[in-house]
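Got a structure for you, questions after.
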Amino acid sequence: MTVQLALSAALSGLRTTQQQAALLSHNLANATTAGYVRRDLNLSAVVTAGQGGGVRVDSIGRKVDELLIRDARYETSRYTAQEARASALADYALVLGQPQDQKSVSTQLSKLQQAFSRLHDMPNDDAAQNAVVSQATALAAGLNSAADAAQAVIGDARDRLQTSVDTVNAALHRVGDLNGSIAALEARGGDAGDLRDERDRLLDQVSQEIGIRTYTGDDGQVVVMTRNGQTLMDRSLEPGDTPLALVGGELQINGQRLAWLGDGAPPSGTAPNPDTEIQTGRIMGYVQTITRDMPRALDQLDQLAEGLVQGFQAAEADPAGAGLFVLAAGTDGAAARIAVNPAVQGESWRVRSGIQAAAPLEPGDQTQIDKFLGAFTATHAFSATDLTMPNATLGAYATAMVSAQQGYRTGAETEMNARKIGADTLETARVNRDGVNIDDEMQKLLLIEQSYGASAQVIQVAGRMIDILLQIKG
């Protein structure tokens, strides 16, 4: 090896270590930056005329495990879907209460039965009669509140769904812009690592809202699809483009119905099944809340309200006439419209003599009270969604209903926690593999320092050799 070749090799080593030091500094500075992927220089040996001529930098490597990223996004998307459902069910369950809570409809129904039992012992007591009216009013109000809470949860889920749709659209617009920037930069041989990091963070954000699959082309641009294969973005989006949209009662993807969120059947037939069309993400959780969880809760509440109306009608002289409970006019479900018959307001004697009675019964007559108490022991056929009881009393159904709806909440929370463990495990594995390990980077920095010193020493030695040669020649 000539002195000139030695100098060339040493200089290439200095240049390379300078680039390595700069890149390591960039890694260390972004060690805590979310979504940052560690960079490394891809090096190769320089060979000149069959002899080693130093080292050169081929490229800046940003090595990620695409399979690990895919799995981490999927698990996180499953977690956020369940988180959305669990949060909605918890809000509703807070109003509904546990079976043993004083505010729950099952407890209120039990208290009404107890009030009638006390009235049976003191049929002529005004306070006992008023207590029955008051407790019946509280029971109807409890059903109204539970129905209102379910509708409020639906409204909140719709608002959150719109926010998620807006988040996805905004992120996809930015991803489209980054696609163009990455392709152009890499075509010029530039380093698009930071742009790719930003794009991955946006795709992570999208995957939290809706389950996605991605495909990266040879030019570095990424195509985004839903998990069932519908294309969300395969090109740069124009201003105003909305890959996802809420139109009327529909959630649409590029103009095609993805889920029906309106009341009743969709205008053009059966709606797509969100379980297969969306699969995961917060949007899936909100859709399930709107189309499944809360309608199920309302159906179960309506069955109890209808059972109360029919049960107390049957206790009257004319079973076709109005009883203690009535349904107000309207299109809402029975639970939202149930109320105490206005006839008992100011005439509490009717809870002893019958709501339809023309006049009070004789003092001490317990005949009608016995019929009212019979409404609590009579059996009914309930066929609510997920709660079919062909032969149950009002109390048994109310307790089962409250327990079932609390069970939905605890089940959703349990599944959410289990999925969070899986999501956190994969995300930790992703960070450990692709993120910055400060200890590793510091060790590399020490090696770079040694390499830089060695290259500098070679240059010094070569310089002295050249000086000696010049002295000899002179």
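The values are calculated or read from the model by the stated rules, or taken from the named source; none is laboratory data. Since this is a predicted model, take the numbers as computed values, not measurements. So basically every Cβ, Gly included, is an ideal-geometry build from the backbone, and we count neighbours across all protein chains shown. Calculation scope for accessible area: heavy atoms of the full protein, side chains included, ligands and nucleic acids excluded. Shrake-Rupley method; radii C 1.70, N 1.55, O 1.52, S 1.80 Å.
If you go through the stretch 179-215 one residue at a time, how many are open to solvent by less than 70 Å² (accessible area, probe 1.4 Å), more than 25 Å from the chain's Cα centre (by Cα) and either at pLDDT 95 or above or not hydrophobic (A, V, I, L, M, F, W, C) (or both)?
Of the residues in the stretch 179-215, 8 are open to solvent by less than 70 Å² (accessible area, probe 1.4 Å), more than 25 Å from the chain's Cα centre (by Cα) and either at pLDDT 95 or above or not hydrophobic (A, V, I, L, M, F, W, C) (or both).
While we're on this one: Which of the residues belonging to the stretch 443-454 are hydrophobic (A, V, I, L, M, F, W, C) and either free of Cβ contacts under 8 Å to residues at least 24 places away in the same chain or touching an Asp or Glu at 6+ places or on another chain (Cβ under 6 Å) (or both)? So that I can check it myself, show each step before the final result.
Quick first cut of the stretch 443-454, residues hydrophobic (A, V, I, L, M, F, W, C) only: 445-448, 454.
Hits for the stretch 443-454 are 446, 447.
Next question, about the same structure. Which of the residues belonging to the stretch 86-105 are open to solvent by less than 30 Å² (accessible area, probe 1.4 Å) and in a helix (DSSP H, G or I)?
Keep residues of the stretch 86-105 that are open to solvent by less than 30 Å² (accessible area, probe 1.4 Å), which gives 86, 88-89, 92-93, 96-97, 104-105.
Of everything in the stretch 86-105, those that are open to solvent by less than 30 Å² (accessible area, probe 1.4 Å) and in a helix (DSSP H, G or I) turn out to be 86, 88, 89, 92, 93, 96, 105.
Filter the stretch 386-407 down to the residues that are assigned to a helix (DSSP H, G or I) and in contact with a Phe, Trp or Tyr (Cβ under 7 Å, 6 or more places away or on another chain), then identify the one that is farthest from residue 317 (Cα to Cα). Give the derivation first.
To start, the set of residues in the stretch 386-407 that are assigned to a helix (DSSP H, G or I) comprises 394-407.
Now narrow it down to the ones that are in contact with a Phe, Trp or Tyr (Cβ under 7 Å, 6 or more places away or on another chain): 394-395, 397.
Working: 394: 21, 395: 23, 397: 25 Å.
That would be 397.
Please enumerate the residues belonging to the stretch 357-377 that are within 20 Å of residue 107 (Cβ to Cβ), of a type in the set (A, V, I, L, M) and surrounded by fewer than 18 Cβ atoms within 10 Å (Cβ to Cβ).
373
Is it the case that the stretch 216-226 has a residue that's buried (at least 19 other Cβ atoms within 10 Å of the Cβ), under 27 Å from residue 192 (Cβ atoms) and within 19 Å of the chain's Cα centre (by Cα)? Steps first, please.
Step one: of the stretch 216-226, the residues buried (at least 19 other Cβ atoms within 10 Å of the Cβ) are 220-222, 224, 226.
Going one step further and asking which of them are under 27 Å from residue 192 (Cβ atoms), we end up with 220-222, 224, 226.
Narrowing further to those that are within 19 Å of the chain's Cα centre (by Cα): 226.
Within the stretch 216-226, one or more residues are buried (at least 19 other Cβ atoms within 10 Å of the Cβ), under 27 Å from residue 192 (Cβ atoms) and within 19 Å of the chain's Cα centre (by Cα).
Criterion first (out of contact with any Pro (no Cβ under 8 Å at 6 or more places or on another chain) and farther than 22 Å from residue 90 by Cα) does residue 246 satisfy it?
On the way: out of contact with any Pro (no Cβ under 8 Å at 6 or more places or on another chain): yes; farther than 22 Å from residue 90 by Cα: yes.
Judged against the criteria, residue 246 is a match.
Then there's this: Within the stretch 331-338, does at least one residue satisfy the condition of being farther than 30 Å from residue 371 by Cα, in contact with a strand residue (DSSP E or B) (Cβ under 9 Å, 6 or more places away or on another chain) and open to solvent by 30 Å² or more (accessible area, probe 1.4 Å)?
Taking every residue of the stretch 331-338 in turn, none turns out to be farther than 30 Å from residue 371 by Cα, in contact with a strand residue (DSSP E or B) (Cβ under 9 Å, 6 or more places away or on another chain) and open to solvent by 30 Å² or more (accessible area, probe 1.4 Å).
As an exercise: evaluate residue 383 against (1) of a type in the set (Ser, Thr, Tyr); (2) assigned to a loop (DSSP other than H, G, I, E, B); (3) surrounded by fewer than 15 Cβ atoms within 10 Å (Cβ to Cβ) and give the number of the one condition it does not meet.
So residue 383 meets the others, but not (2).
Right, next: Which residues, taken from the stretch 320-335, are within 17 Å of residue 150 (Cα to Cα) and either of a type in the set (S, T, N, Q) or without any contact (Cβ under 8 Å) to a residue 12 or more places away in the chain (or both)? Spell out how you get there, then give the answer.
Going through the stretch 320-335, the residues within 17 Å of residue 150 (Cα to Cα) turn out to be 331-335.
331, the sole residue that qualifies.
A further question follows. If I filter the stretch 285-292 for residues that are assigned to a loop (DSSP other than H, G, I, E, B) and modelled with pLDDT under 95, do I get at least one hit?
If we filter the stretch 285-292 for residues that are assigned to a loop (DSSP other than H, G, I, E, B), which is where we start, we get none.
Among the residues of the stretch 285-292, not one is assigned to a loop (DSSP other than H, G, I, E, B) and modelled with pLDDT under 95, which makes the answer no.
In the set 115, 138, 147, 128, which member is over 16 Å from residue 282 (Cβ atoms), small (Gly, Ala, Ser), surrounded by 15 or more Cβ atoms within 10 Å (Cβ to Cβ) and touching a strand residue (DSSP E or B) at 6+ places or on another chain (Cβ under 9 Å)? Break it down into steps so the answer makes sense when it comes.
Values: 115 fails: touching a strand residue (DSSP E or B) at 6+ places or on another chain (Cβ under 9 Å); 138 fails: touching a strand residue (DSSP E or B) at 6+ places or on another chain (Cβ under 9 Å); 128 fails: touching a strand residue (DSSP E or B) at 6+ places or on another chain (Cβ under 9 Å).
The conditions single out 147.
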